[in-house]
Amino acid sequence: MTSIGIVGAGVAGLHLGLQLRAADVPVTLYTDSGPDELASGRLTNTVTHHHPTLERERVLGVHHWDAAEYGYGSHHHVVGRRLLNGRALGGPDPLVFRGDLTDASSAIDHRIYLPRLLADFAERGGRCEVRGVGAGDLESLGERHDLLVVASGRGALAGLFPLRPERSPYDRPQRRLSVALWHGVEPAEPKGVTLSIAPGVGELLELPMYSFSGHVTALLFEIMPGGGLEALWNLRYDDDPRAYERAGLAALAEHFPRTFERVDPASFAVTRPQDVLQGALIPHMRADYACLGNGTYALAAGDVHCVVDPMMGQGANSASYSAWAVGEAILEELGGGGLGFDELFCRRAARRRAEVVEATADWTNLMLGPPPPHLLALLEAMSQHQGLADEFTHNFGHPDRQWAVLATPRRTARYLAAHGLDMADLLA
Ligand SMILES: Cc1cc2nc3c(=O)[nH]c(=O)nc-3n(C[C@H](O)[C@H](O)[C@H](O)COP(=O)(O)OP(=O)(O)OC[C@H]3O[C@@H](n4cnc5c(N)ncnc54)[C@H](O)[C@@H]3O)c2cc1C
């Protein structure tokens, strides 16, 4: 009987494993961290799942945290007008507007989320082996399975899949990330994510998150080198927790006043020492698949395949989408007689997910760079037209639609024109 091996029990590996188990396909998941290690570890991200990901969870029967209770329905946008590329839009600074989601998104700490899904996987007959897989082990795993899906995140195994230079535009991180879970921040009203852009300085993502301390606030500082947030970056939380907390408060006061005004300085504190992450990543994309020595194919899914900066909250959603597309391709292949999980199959699976995964990377990379005029025009338009702000916000769940509007100035101009707006007027 066909058997699928999956390396990695992140959102990509688990969503795929659960999808295949729902169709009774034998699956073995190899993970270096069992449920206890996952739950007790340090913060690795502050992930929000958008509606399409939550829908996949509902289909899989693993939506354990009702989005109506745990989720949120709005994005609050705060855009500094003192813009980097020589263009400054007129009007009040900052530009402030809100977009409402059609359906709720939700941010559950992955250290709670992943162990629960691992338990679901085991209950549904999935096999799980807790052990680190080295590059040298892949060939022997390939002997055991008809297909190996490598979903082990940004670690060493990613090297199996060559970089795609045309989709890997950076040789260094574009932001330094300083993120923690905090007490003492009153949620935005209505409950939602606040996305603040401070040109030349960086961005702040403020997320209502459910974690071990209950409903808390995740503050993800995206720090631009040479901006005004070095003080926060240069401090290691573990060296001096109080100094880190003071620097976080000062950063809010100086650069992100819309969040600062909801902070109670007396209770503003990191929730637990392990709820802090400081690091950086280089956005890139790798080949979809590789052939192992014995002829078995390994297919990349999730961060192994595509790493994006977390600024737009896309990586895990893209990992889930990608895994789902791979799952559908596997089930289709099995339905057609399962002739082979070979290169032809891998190419088909890759095509199935390409548009959304590539759009995720393209859109995020656009937002990381100095904002081009057509992006500025769209931001300005959204501040004046609720429908546009709502659509942009809804499309956090549909990066391909976001990119369809933003891929070129011409596309954006036509999109705005279809809503009765003139791009030149917006930029005047
Ligand atoms: C600060 C921050 C904020 C973020 N916010 C968001 C957000 O709001 N929305 C969003 O969609 N994304 C967000 N992301 C991105 C998101 O975290 C990742 O894209 C996503 O977790 C990738 O999932 P994955 O399953 O591919 O890999 P991972 O989640 O990294 O899981 C990989 C698993 O494989 C296991 N593993 C690794 N190596 C081996 C090995 N050699 N052998 C066996 N097992 C192994 C690991 O233990 C891990 O459990 C954020 C990232 C960061 C850093």
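The values are calculated or read from the model by the stated rules, or taken from the named source; none is laboratory data. Values in this document were obtained by computation on a predicted structure and should not be read as measured data. Neighbour counts run over all protein chains shown; Cβ positions are idealised from the backbone, glycine included.
So the values come out like this:
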| read-out | value |
| --- | --- |
| Tally of residues being surrounded by fewer than 22 Cβ atoms within 10 Å (Cβ to Cβ) and within 8 Å of the ligand (Cβ to nearest atom) across the range 281-306 | 1 |
| Of residues in the range 235-271 being without any contact (Cβ under 8 Å) to a residue 12 or more places away in the chain, charged (D, E, K, R) and assigned to a helix (DSSP H, G or I), the one surrounded by the most Cβ atoms within 10 Å (Cβ to Cβ) | Arg246 |
| Conditions (1) within 16 Å of the ligand (Cβ to nearest atom); (2) of a type outside the set (Ser, Thr, Tyr); (3) at positive phi; number of the one not met by Leu195 | (3) |
| Count - residues of the range 223-234 that are over 14 Å from His255 (Cα atoms) and either small (Gly, Ala, Ser) or part of a loop (DSSP other than H, G, I, E, B) (or both) | 2 |
| Positions within the range 326-364 being among the aliphatic types (A, V, I, L, M), part of a helix (DSSP H, G or I) and touching a helix residue (DSSP H, G or I) at 6+ places or on another chain (Cβ under 8 Å), in sequence order | Val326, Ala329, Ile330, Leu331, Ala349, Val356, Val357, Ala359, Ala361 |
| Selection count where residues are part of a strand (DSSP E or B) and either within 20 Å of Pro257 (Cα to Cα) or at pLDDT below 90 (or both), scope the range 85-123 | 5 |
| Any hit, the range 28-39, residues being of a type in the set (A, V, I, L, M) and more than 13 Å from the ligand (Cβ to nearest atom) | no |
| Qualifying residue in the range 384-392 (condition: in a helix (DSSP H, G or I) and farther than 24 Å from Ser196 by Cβ) | no |
| Some residue of the range 161-175 being more than 15 Å from the ligand (Cβ to nearest atom), assigned to a helix (DSSP H, G or I) and not basic (Lys, Arg) | yes |
| Test result for Ala323, touching a Cys at 6+ places or on another chain (Cβ under 9 Å), of a type outside the set (D, E, K, R), in a helix (DSSP H, G or I) and near the ligand (Cβ under 8 Å from one of its atoms) | no |
| Unique residue being touching a Ser or Thr at 6+ places or on another chain (Cβ under 6 Å) and among the small types (Gly, Ala, Ser) when the list is Ala253, Ala231, Ala218 | Ala218 |
| Sole residue being over 27 Å from Arg56 (Cβ atoms), out of contact with any Cys (no Cβ under 7 Å at 6 or more places or on another chain) and small (Gly, Ala, Ser), chosen from Ala359, Ala407, Ala417 | Ala417 |
